[in-house]
């Protein structure tokens, strides 16, 4: 059963990554403010549809990551245990790459990435539900803010994974 759940989680990760990449890449060409415009093109509708699908994927993937006590790994602050993060920060100051395991700094960054993914998708869905209302502009503002944070965290995630691969190759 554990093997099946790990394969499912890996597929969810891939789907979330591909969907997020498509949404981020398409976002500069999306012209929606208060509502989907009357002359909206296929890219606008594809962004909305893929965003709604991504919300479901993000929630499912986050739940997969949380199973079996995983929430303690990704959200050590919620468990009141930041010792691993402190250890990893000390390792970084010594010029060493922190370990991938143990609920340290890199896991904390992944947890923040998960939160930003869900927040971005949820505010996108909320904007869709509120389109045309006075709240739509405020929701869109938060959606864009979370999306920019998500982009930064994706870059950090790629960097940390690359560091681990480099460390693995060195050993």
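The values are calculated or read from the model by the stated rules, or taken from the named source; none is laboratory data. Computed from a prediction, not measured in an experiment: that's the story for all the values here. Don't worry about glycine lacking a Cβ; one is built from the backbone with ideal geometry, like all the others, and counts go over all protein chains shown.
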Restrict the check to region 28-44 and report whether at least one residue is touching a helix residue (DSSP H, G or I) at 6+ places or on another chain (Cβ under 8 Å), surrounded by 11 or more Cβ atoms within 10 Å (Cβ to Cβ), part of a helix (DSSP H, G or I) and touching a residue at least 60 places away in the same chain (Cβ under 8 Å). no
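Specify which of the listed residues (53, 48) is in contact (Cβ under 8 Å) with a residue 60 or more places away in the chain, under 25 Å from residue 144 (Cβ atoms) and in a helix (DSSP H, G or I).
One residue alone meets the criteria, 48.
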Can you go through 103, 51, 69, 132 and tell me which one is on the phi > 0 side of the Ramachandran plot and in contact with a helix residue (DSSP H, G or I) (Cβ under 6 Å, 6 or more places away or on another chain)? 103
Does residue 93 satisfy the condition of being at pLDDT below 95, loosely packed, with under 14 Cβ neighbours inside 10 Å and more than 20 Å from residue 28 (Cα to Cα)? yes
Is one or more of the residues making up region 79-99 under 20 Å from the mean Cα position of the chain (by Cα) and more than 30 Å from residue 51 (Cα to Cα)? yes
Do we find that residue 140 is in contact (Cβ under 8 Å) with a residue 60 or more places away in the chain, surrounded by fewer than 17 Cβ atoms within 10 Å (Cβ to Cβ) and within 19 Å of the chain's Cα centre (by Cα) in this structure? no
Quick check on region 1-27: of everything there that is at pLDDT below 90 and surrounded by 13 or more Cβ atoms within 10 Å (Cβ to Cβ), which residue is nearest to residue 161 (Cα to Cα)? 9
Condition (residue is out of contact with any strand residue (DSSP E or B) (no Cβ under 9 Å at 6 or more places or on another chain), loosely packed, with under 15 Cβ neighbours inside 10 Å, more than 21 Å from residue 45 (Cα to Cα) and at pLDDT below 90) applied to region 102-120: is it met by at least one residue? no
Residue 58 being surrounded by 15 or more Cβ atoms within 10 Å (Cβ to Cβ) and more than 20 Å from the chain's Cα centre (by Cα): no
